[in-house]
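Step one of this worksheet: look at the structure below.
The values are calculated or read from the model by the stated rules, or taken from the named source; none is laboratory data. The model shown is predicted, which means the values in this text are computed figures rather than measured ones. So basically every Cβ, Gly included, is an ideal-geometry build from the backbone, and we count neighbours across all protein chains shown. Please note that ligands, DNA and RNA were not included when accessible areas were found on the heavy atoms of the full protein model with its side chains. Shrake-Rupley method; radii C 1.70, N 1.55, O 1.52, S 1.80 Å.
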Amino acid sequence: MALTDDMERLGVHSVGRLVHRELRWKFREQHESDFGIDAMIEIAEDGRPTGQLIGVQIKSGRSYFGTSASDQAGWVFRARKRLLDYWLDYALPVVVILYDPGSQAAFWQHVTADRVELTGPEFRITVPAAHRLDGSAATQLRAISTRPSNTVKYQLLVNLRDTLGADHPETLEAADDLVDALIDLGAMQAARDIGEDTFGRRQRVFGTDHPDTLESAKKLVAVLGYLQDNEAALLLADDTFARTRRLLGEDDYRTLDIAKEFTRILYLSGAEQRARALGEDTLSRCRRVFGEEDFQTAQFEEQMAIVLAGMGDDNAAQATLLHRLDAVRHRLGANHTHTLVQAHNMVLTLDSHGYTEVARDLAQDTLSRRRRVLGEDDFRTLRTAGFLISVLYRLGDHEAARKLGEDTVSRRRRSLGPDHPETTFLVDFLSALSEY
């Protein structure tokens with residue numbers, strides 16, 4: 001059963017922290033996740049990504065630990081068969097991860113046809129207690145990871161090179177599409193190899209200032225930055241930004257795209273003041289061109305918050321994140337239902353950036369307003385209450401978390417039902433909390 005967005009993100013973020021801390025590998029959440037895949041794990045060696053990937057789905061809550069395996073050496077996970085079909089057909093190996101918010105431990109199992117048991121329209125698979133997600137899992141997970149071949153797009157590129165030639169515009173377009181696919185899968189070294197070849201060919205065929213050439217350059221900048229080749233990324237980003245701005249204008253969406261990437265590369269290269277100046281100018285243009293509430297603007301606000309926080313200016317970082325909410329409040333009023341949605345989402349954003357106390361204050365204000373506007377038993381009010389409970393717990397205020405939790409469970413049972421996922425998840429959470 002699907003959990004709420006809040007609880008899903010908590011589980012995903014917790015597993016992400018384990019991957020980074022225990023394995024020192026890369027973890028990328030699928031923010032627009034496909035059905036059945038929450039994130040990808042990339043194997044790293046000494047901090048360097050290898051292109052070896054695993055797809056993961058994460059299930060969080062004590063309810064997933066309720067059915068022990070027959071030998072008591074693990075837990076049984078059940079789901080619909082259509083999910084199994086999706087996993088077995090997926091381009092990457094898939095691991096299901098169960099996360100216990102009480103013990104903050106996670107356990108994994110590689111999904112393969114020989115490990116599952118079909119039970120009518122459902123299937124079951126055992127997640128062993130011995131498969132704890134920590135440093136001891138590195139060897140086994142590395143063994144099942146794979147480098148995606150992206151066979152169809154590779155084959156298309158090979159066929160076009162054979163029939164039309166490597167420099168034909170249609171061939172170069174196919175190569176550019178393959179770079180996108182490799183980036184999406186996190187296969188950055190392969191993306192660099194194809195991207196550098198495509199960029200060089202487009203320079204020769206179209207010229208340095210052609211929009212297609214500049215598009216290849218922008219993608220290559222992103223790949224170089226991810227691979228931590230900051231010197232090469234910086235030189236290419238500087239040149240590409242200057243050419244794009246001159247050719248297309250300062251407010252063109254393609255100029256803003258490379259400006260955002262250039263800001264990130266400047267920051268990673270240690271040029272923090274240049275990154276801040278360019279970033280603040282670019283953010284202002286994004287707000288004007290795309291709008292205050294546009295997804296692209298929101299993404300760059302979060303990127304700028306990271307830059308500002310990295311420079312030690314937490315006040316500016318928080319103000320950057322809160323700007324969007326402040327704009328909506330000014331336009332619609334603090335108690336408008338859309339404003340309250342933005343406020344609730346901003347609680348999650350602030351918390352994910354480490355501003356937990358600010359997130360608590362905003363959650364408390366949002367909960368109070370939702371109670372007045374929507375009522376104490378409205379599912380949206382109870383959702384904000386649920387996240388506030390988690391924030392209070394992580395700030396060490398266990399008594400306040402327990403008190404609000406008991407009230408929220410009672411209201412969820414009455415309004416949503418005792419078996420609703422949001423009710424059962426909170427019951428599990430409070431049960432774990434009672435151990436403290």
Dipole size in debye (nearest 20) for the range 14-145 around its Cα centre, Lys and Arg Cβ +1, Asp and Glu Cβ -1? 220 debye
What label, among (i) 41; (ii) 50; (iii) 34, belongs to percent of Cα pairs over 31 Å apart computed from the structure on display? (ii)
To the nearest 10 degrees, how steeply does helix 169-185 sit against the main Cα axis of the chain, on a 0 to 90 scale? 30 degrees
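Given a 1.4 angstrom probe, what's the average accessible area per residue across the range 337-436, in square angstrom?
Numbers: 4380 Å² over 100 residues.
Dividing the accessible area of the range 337-436 by its residue count gives 44 Å².
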Identify which of 91, 363, 271 has the largest mean-square fluctuation in a Gaussian network model of the chain, with springs joining Cα atoms closer than 10 Å. 271
What number, in percent, do you get for the relative contact order of the chain if the mean sequence gap of Cα pairs under 8 Å and at least 6 apart is divided by its residue count? 10 percent
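GluC sites (Glu not before Pro), restricted to the range 351-410: which are DSSP loop and have at most 16 other Cβ atoms within 10 Å?
Details: sites: 357, 376, 399, 406; in loops: 376.
The qualifying sites are 376.
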Angle between the chain longest axis and helix 398-415 axis [Cα atoms, degrees, rounded to 10]: 80 degrees
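Note down the magnitude of the dipole of the range 102-218 about its Cα centre, charges +1 on Lys and Arg C-beta and -1 on Asp and Glu C-beta and zero elsewhere, to the nearest 20 debye.
In debye, rounded to 20, the range 102-218 gives about 560.
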If R0 = 30 Å, then residue 85 and residue 130, at their Cβ-Cβ distance, give a FRET efficiency to the nearest 0.05 of 0.65
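With only Lys, Arg, Asp and Glu charged, each at its Cβ (+1 for the first two, -1 for the last two), find how big the charge dipole of the range 182-276 is about the Cα centre; round to the nearest 20 debye. It would help to have the intermediate numbers written out before the result.
Values: 14 positive and 17 negative charges, 23 e Å.
Here the range 182-276 has a charge dipole of around 120 debye.
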Of 153/260; 81/153; 26/260, which ones are farther than 25 Å apart at the Cα? 153/260; 81/153
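Would you please report the Å³ per residue occupied by the convex hull of the alpha carbon atoms in the range 177-304? Kindly include the intermediate steps, with their values, before the conclusion.
Working: hull volume 12.5 nm³, N = 128.
Output value, Cα hull per residue: 98 Å³.
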Which value, in Å², gives the accessible area per residue of the range 118-265 when a 1.4 Å probe is used on the protein heavy atoms? 46 Å²
Using alpha-carbon coordinates, inclination of helix 356-374 to the longest axis of the chain, degrees: 70 degrees
Sorted by packing (mean other beta-carbon atoms within 10 Å per residue), highest first, where do 131-137, 170-176 land? 170-176, 131-137
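Tell me, what is the Rg over Rh of the range 260-356, with Rh the Kirkwood radius over Cα pairs? Please list the in-between numbers first.
Numbers: Rg = 13.5 Å, Rh = 13.7 Å.
Reported Rg/Rh, Kirkwood definition of Rh: 0.99.
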In Hz, Karplus ³J(HN,Hα) per residue of the range 98-105 (6.51, -1.76, 1.60; θ = phi - 60°; x = Gly, Pro): 9, 10, 9, x, x, 8, 6, 10
Of all accessible heavy-atom area on the range 338-426, the percent that carbon and sulfur account for (1.4 Å): 45 percent
